[in-house]
Each structure stands twice: as C-alpha cells, then as structure tokens.
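Notes to accompany the following structure.
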Amino acid sequence: MIYKNIITKKVRDTFLDVQHHNYDAVLRGINKNVYHHFAGNHALGGTRHDTDALRKWFERLGRVFPELTFEVKEVIVKGMPWNTLVIARWVATTKLINGESYVNPGVHFISIRWGKAYKFEVYEDTQVVANGLAKQAQSGIREAIAEKIES
C-alpha cells in the first residue's frame, strides 16, 4: 500500500512538473533508454527511444501549448517495484491563442522498474490534438506543424 501511494504521488507530481515546464524533474524519473509513444500523425505524435529526444518533445509541447494544464482524474498502480504498471487518466486543457478552449481527456500507460519509468504509451483524441496544433500554427506558432520528433 505504501509503495502504491508513493508512485501515485510521484505520477501526480510529474504531471505538475510537465505543466510547469520543469522537464529536468520529469526526466530524472525516466530511464535513459525510454520508450515514449504519443499517438497521432502530427507534431507531437510518434515514438522516442531516448531521453534527449524526449526532452526535445517536452520542450516542443511547452512551446506549442504553453499554458497546458492537467487534471489527473485517477491513478491506478499495479505490481511491485521491479515491475509496475501505472494507468493515469487525465484531462488536458488550455486556451489556444485564438481564444478557443482546448479540452482533451487521455490516458497514460506507464511501466516502471525500480523507480524509473521506462515505457510510456499516451492515448488521447488525436484529432483534437491535430486540430489544436493546426490552430496554434495559424496563430503564429509554426512549430505546431513541424515534423515529428522521433528517435
């Protein structure tokens, strides 16, 4: 029970770190040889296999949606320290440059081994992401329609 509470708090804190653009703190909890997959065919989509590419991805996320916030609805922790699966349900929101609201519920599947996350699979409505990115690009954030960051 204590282990699950620690992991739940760490996951919630990590979403806050992403929200506050504190990527160093986020990356400290991630294995160097990570697997990070964000569904969709857009500037945030694709797969990364190392923390250098993942840092670039987080930095892009912060630039294209600078005021993105997360409301973590639920965190489920299964397993032991050597093999833990975390499922986190959340809702991402922001105000786009054009004034429109962006609301997108999603889920992370996170695999952790001995305190380090090594696998992330992120699923949300990819059409909402693509539309939000297109609107940000139309408002002047050209990176919102850049090529995927993959490694």
Is it the case, given these coordinates, that Y23 is hydroxyl-bearing (S, T, Y), touching a Ser or Thr at 6+ places or on another chain (Cβ under 8 Å) and modelled with pLDDT of 95 or more?
no
Just for strands (runs of 3 or more DSSP E) wholly inside region 1-90: which have at least 2 residues that are closer than 18 Å to R113 by Cβ?
30-38, 69-80
Could we say that H49 is surrounded by fewer than 17 Cβ atoms within 10 Å (Cβ to Cβ), at pLDDT 95 or above and within 13 Å of the chain's Cα centre (by Cα) here?
no
Checked A88, A43, A92, A39 against criteria (modelled with pLDDT under 95 and either under 21 Å from P105 (Cβ atoms) or of a type in the set (G, A, S) (or both)); the one match is A39
Here is a check on your reading of the model: is V77 out of contact with any Ser or Thr (no Cβ under 7 Å at 6 or more places or on another chain), touching a residue at least 60 places away in the same chain (Cβ under 8 Å), aliphatic (A, V, I, L, M) and buried (at least 16 other Cβ atoms within 10 Å of the Cβ)?
no
Condition broken by G40, with the remaining ones in (1) without any contact (Cβ under 8 Å) to a residue 40 or more places away in the chain; (2) surrounded by 19 or more Cβ atoms within 10 Å (Cβ to Cβ); (3) closer than 19 Å to A146 by Cα satisfied
(1)
Filter result (surrounded by 16 or more Cβ atoms within 10 Å (Cβ to Cβ) and more than 22 Å from G62 (Cβ to Cβ)) within region 1-30:
I7, T8
Within region 72-93, can you find the residues that are among the charged types (D, E, K, R) and touching a Lys or Arg at 6+ places or on another chain (Cβ under 7 Å)?
K73, E74, R89
Residue pairs meeting the criteria (Cβ under 7 Å; at least 6 apart or on separate chains; first among the charged types (D, E, K, R), in region 3-16; second modelled with pLDDT of 95 or more):
K4/V77; K10/G29; R12/V72; R12/V75
Whichever residue in region 97-126 is more than 28 Å from K10 (Cα to Cα) and in contact (Cβ under 8 Å) with a residue 40 or more places away in the chain and, among such residues, is surrounded by the fewest Cβ atoms within 10 Å (Cβ to Cβ):
N98
If you go through region 10-32 one residue at a time, do you hit one that is among the hydroxyl-bearing types (S, T, Y) and more than 12 Å from the chain's Cα centre (by Cα)?
no
Tell me the residue from V72, V11, V86, V64 that is within 27 Å of R142 (Cα to Cα) and of a type in the set (V, I, T), please.
V64
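The values are calculated or read from the model by the stated rules, or taken from the named source; none is laboratory data. Quantities reported herein were computed from a predicted structural model and do not represent experimental measurements. Please note: Cβ atoms are built from the backbone with ideal geometry, for glycine as well, and neighbour counts cover all protein chains shown.
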